[in-house]
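Engineer: Dropping a structure here in C-alpha cells format, bear with me for questions.
The values are calculated or read from the model by the stated rules, or taken from the named source; none is laboratory data. A quick note: this is a predicted structure, and the numbers were derived from the prediction, not measured. Every residue, glycine as well, gets a Cβ built from its backbone with ideal geometry; the counts of neighbours run over all protein chains shown.
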C-alpha cells in the first residue's frame, strides 16, 4: 500500500464530487509545505491556510490504505459498477474493443481504459513504439513511525501537532515528513541518490525491497537532529525504485477505443506529490469528454489533447525539484535559498510561485478546456547538478 498520500485540492474536489466519503476516514489537513536545509534552517513556508476558500477543496494527508477503502466503498455502492478483483488480463482486442482474461473469458465494452501503471502491458502497442521506464538516479525509502515516541520528545512533538509537510534538503538526498491518521502515525519518505545510498541495491527485476534502518542512520549521521531521530525510530523500511520516462507519442490506440490513464502514460517521481492527483484528473477529463463529444474516438482525442500537456509539465517539474533538493553546499545552493524568498517564476520550489500553485490547485479537470502551462522553474547550473550526464537530466 505504501504509506502516506497527499490529496491536493485539484484531486480532492473531484473525489468529493464523485461521492467518495473522505469525511469518514482518519486524516489530517495539511498546513502546507515547509522547506528546511539539512542543518535545520527553515528556508520557505508555502502555506495552505487558504486552499479551501481559494480552490474550493481541502488538502488532506491520508494513509493510502484508508483512501483505497474509501474509493472501494464508493465504487461498490454504485449500481452501475462491477468491481472484479484478482482478475488478470491476458490480451486486448483494440478494434472490438475487448479484453480476454487468463481464465479464457472475454469482456467486451464500448471503451477500454488501461490504467495498469508504469509496468503497463499495453503501453508500447498504444504508443506505437517501445518505451522502457528510465532510472531517475534516486531510490525512495518509505517509513511509518507511531507518534507516541515523537509526542514524548519536546523537539519532535511539534512535527506531529502542526501538520506541515516538512522537506529536509541536503547533499544528494532529501526527506519528507508529515502526520497521518489524525496524528497516530508519522509518515517519512527519504529519497537518496544511488551513488550515496548505503543500502543494498534493488535488483534489475525488482521494484521494491524491504530493509532495516541501520544504513539510513549511517547515511544521515551529519544531518539535523529531527532527521537523525526519524531514521533511528524507523524499523522495517520499504525501498522503492524511482523511474519515469519521457512523454509518449500517443495515449490512445489508433482504433480509437482503448486509452491509457495514470502512471501507464505519465509516471512521475513523488517530488510534486501529484502522481495520484494527475491520474484522478485524467479520469475526470475522460468522463467529461465522453459526455460532450459525439463519438468515443472524438472523446479520446479531446482527452489526450487536454491531459497530455498538463501531465507532462507536472512530471517535468519533478525533475526540476530533484535537482534543487539535492544540491551540495556552495554558490548554487546559496542561489537556491535566495530565489526561494521571492514569489515569482524563478522560485525553484513549485509552490513558492503563486502563479504555478494557482495553475495546479485551481484546475477543474471535469471541464474540457485547453490551458497554457506556466514556465518551468529554472534548473540549477549544470556544474552544480549531481545528476549531470544521466538520462533525463539534459537541460
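Engineer: State which residue pairs qualify: first residue surrounded by fewer than 21 Cβ atoms within 10 Å (Cβ to Cβ) and inside region 54-80, second residue in a helix (DSSP H, G or I) and modelled with pLDDT of 95 or more in any location, beta carbons under 6 Å apart, and separation of 6 or more residues or different chains.
Structural biologist: Listed by first residue and then by second, the contacts come to 56/13; 58/12; 58/52.
Engineer: Tell me which of these residue 352 doesn't satisfy, since it passes every other one: (1) closer than 16 Å to residue 137 by Cα; (2) touching a strand residue (DSSP E or B) at 6+ places or on another chain (Cβ under 6 Å).
Structural biologist: Residue 352 satisfies all of (1) closer than 16 Å to residue 137 by Cα; (2) touching a strand residue (DSSP E or B) at 6+ places or on another chain (Cβ under 6 Å) except (1).
Engineer: Mind checking which residues of region 293-316 are under 14 Å from residue 364 (Cβ atoms) and either touching a strand residue (DSSP E or B) at 6+ places or on another chain (Cβ under 6 Å) or in contact (Cβ under 8 Å) with a residue 60 or more places away in the chain (or both)? Can you show your working first?
Structural biologist: Our first condition is that a residue be under 14 Å from residue 364 (Cβ atoms); within region 293-316, this holds for 306-307, 310.
Residues satisfying the conditions are 306, 310.
Engineer: Moving to a separate point now. Of 248, 230, 242, which residue is in a helix (DSSP H, G or I), surrounded by 15 or more Cβ atoms within 10 Å (Cβ to Cβ) and touching a residue at least 12 places away in the same chain (Cβ under 8 Å)? Full working, then the answer.
Structural biologist: Numbers: 248 fails: in a helix (DSSP H, G or I); 242 fails: in a helix (DSSP H, G or I).
Among 248, 230, 242, only 230 is in a helix (DSSP H, G or I), surrounded by 15 or more Cβ atoms within 10 Å (Cβ to Cβ) and touching a residue at least 12 places away in the same chain (Cβ under 8 Å).
Engineer: Which of the residues belonging to region 334-350 are within 25 Å of residue 391 (Cβ to Cβ) and either assigned to a loop (DSSP other than H, G, I, E, B) or free of Cβ contacts under 8 Å to residues at least 60 places away in the same chain (or both)? Let's see the steps before the verdict.
Structural biologist: To start, the set of residues in region 334-350 that are within 25 Å of residue 391 (Cβ to Cβ) comprises 336, 348-350.
If the condition is that a residue be within 25 Å of residue 391 (Cβ to Cβ) and either assigned to a loop (DSSP other than H, G, I, E, B) or free of Cβ contacts under 8 Å to residues at least 60 places away in the same chain (or both), then 336, 348, 349 are the ones that fit.
Engineer: Now for a separate question. If we scan region 264-271, do we find a residue that is over 22 Å from residue 321 (Cβ atoms), touching a residue at least 60 places away in the same chain (Cβ under 8 Å) and either surrounded by fewer than 22 Cβ atoms within 10 Å (Cβ to Cβ) or in contact with a helix residue (DSSP H, G or I) (Cβ under 9 Å, 6 or more places away or on another chain) (or both)? Show your work before the answer.
Structural biologist: As a first pass, look at region 264-271 and keep what is over 22 Å from residue 321 (Cβ atoms): 264.
Add one more test, that the residue is touching a residue at least 60 places away in the same chain (Cβ under 8 Å), and what stays is 264.
Narrowing the set further to residues that are either surrounded by fewer than 22 Cβ atoms within 10 Å (Cβ to Cβ) or in contact with a helix residue (DSSP H, G or I) (Cβ under 9 Å, 6 or more places away or on another chain) (or both) leaves 264.
Yes, there is a match, as at least one residue in region 264-271 is over 22 Å from residue 321 (Cβ atoms), touching a residue at least 60 places away in the same chain (Cβ under 8 Å) and either surrounded by fewer than 22 Cβ atoms within 10 Å (Cβ to Cβ) or in contact with a helix residue (DSSP H, G or I) (Cβ under 9 Å, 6 or more places away or on another chain) (or both).
Engineer: Return the only residue of 391, 374, 378 being in contact with a strand residue (DSSP E or B) (Cβ under 6 Å, 6 or more places away or on another chain) and not in a helix (DSSP H, G or I).
Structural biologist: Working: 374 fails: in contact with a strand residue (DSSP E or B) (Cβ under 6 Å, 6 or more places away or on another chain); 378 fails: in contact with a strand residue (DSSP E or B) (Cβ under 6 Å, 6 or more places away or on another chain).
The match here is 391.
Engineer: Now for a different question. Return the residues of region 258-275 that are in contact with a strand residue (DSSP E or B) (Cβ under 8 Å, 6 or more places away or on another chain) and closer than 22 Å to residue 127 by Cβ; say none if nothing qualifies.
Structural biologist: The initial filter retains those residues of region 258-275 that are in contact with a strand residue (DSSP E or B) (Cβ under 8 Å, 6 or more places away or on another chain), namely 258-261, 264, 267-271, 273.
Residues satisfying the conditions are 258, 259, 260, 261, 264, 267, 268, 269.
Engineer: Going by what's in this entry, would residue 381 be described as within 30 Å of residue 283 (Cβ to Cβ) and over 23 Å from the mean Cα position of the chain (by Cα)?
Structural biologist: On the way: within 30 Å of residue 283 (Cβ to Cβ): no; over 23 Å from the mean Cα position of the chain (by Cα): yes.
In short, no.
Engineer: Tell me, please, whether a residue that is in a loop (DSSP other than H, G, I, E, B), in contact (Cβ under 8 Å) with a residue 40 or more places away in the chain and closer than 21 Å to residue 174 by Cβ can be found in region 356-365. Outline the logic, then answer.
Structural biologist: Residues of region 356-365 that are in a loop (DSSP other than H, G, I, E, B), as a first pass: 362-365.
Imposing the further condition that a residue be in contact (Cβ under 8 Å) with a residue 40 or more places away in the chain reduces the set to 362-365.
Next, only the ones that are closer than 21 Å to residue 174 by Cβ stay: none.
No, region 356-365 has no match at all.
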